[in-house]
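Have a look at the structure below, then the notes.
No lab work stands behind these numbers, since they all come straight from the coordinates. From a predicted model like this one, the values you see are computed outputs, not experimental measurements. Using ideal geometry, Cβ is built from the backbone for each residue, glycine included, and neighbour counts are taken over all protein chains shown.
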Amino acid sequence: MTFFNFILIIHIICGFTAFIVAPIAMAVKKGSAAHRKWGKIFFWAMCGVCAAALIMAPMHKNLFLTLVAVFSFYMAFSGYRVLYRKNLQNWRQVAFIDWFVVSINALFSLALIYLGIKTINSAFGVISLVSVFSDCLTVCVISFHLFNPQNRKANGFSVIWEA
């Protein structure tokens, strides 16, 4: 078995785990011990997916998969962090790790935009641009939630976070 195949097996196992436990985490009562347990399993499975993808993508010289791995990790990371940082009152309370990860994600998102524009006539180009759009939307929603917690029940975003 090659090193690549070993990492691929880890990637598949972690991806399958995330795929199976995500609906379970969503189905159980929010805030319950079961919800937290399944959510953490999902988060760590997504970390495994990303780590494996970041190892494999350069072996195949696949920039698109590298960018998608970082983008996917950011989605899981931001969801995990927002739960632990939901009582922030202003941006000065945001931890260094949050700024670091969002900065890395911004750089990779710019690369996705470039790749999307460069290859707009292919499926990869369209997927790149759609990924960046959804990433920007997620950042906006999370920022709104973090910095306006007193207003979140008075607007449409409360459905996302309070459901």
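Quick one: grab the alpha carbon gyration tensor of region 1-61, order the square roots of its eigenvalues as a ≥ b ≥ c, and give me rounded if a/c is under 1.5, else prolate or oblate depending on whether a/b is larger than b/c. It is prolate, given that a/c is not under 1.5 and a/b is the larger ratio. Remark: K30, K61 ranked as K61, K30, counting other beta-carbon atoms within 10 Å and listing the fewest first.
Converting phi to 3J(HN,Hα) with the Karplus coefficients 6.51, -1.76 and 1.60 and the offset θ = phi - 60°, region 15-20 yields x, 5, 4, 4, 5, 7 Hz in sequence order, with x at every glycine or proline. Available extension along the chain between F3 and A33 is 7.1 nm, counting 0.36 nm per residue and deducting the alpha carbon span.
Using r as the Cβ-Cβ distance of K40 and L110, and R0 as 41 Å, what FRET efficiency do you calculate, to the nearest 0.05? Rounded to the nearest 0.05, the efficiency is 0.85. For region 47-69, list residues with backbone N below 18 Å from a point placed 7 Å from the Cα of M26 toward its Cβ? Once the point is set 7 Å along Cα→Cβ of M26, 47 turn out to lie under 18 Å by backbone N, inside region 47-69.
Report note on the peptides 1-13, 36-48: ranked by the mean count of other C-beta atoms within 10 Å, highest first, their order is 36-48, 1-13. 3J(HN,Hα) along region 22-37, derived from phi through the Karplus expression 6.51 cos²θ - 1.76 cosθ + 1.60 where θ = phi - 60°, amounts to 4, x, 5, 4, 6, 7, 7, 4, 4, x, 6, 4, 5, 4, 5, 4 Hz, with x in place of Gly and Pro.
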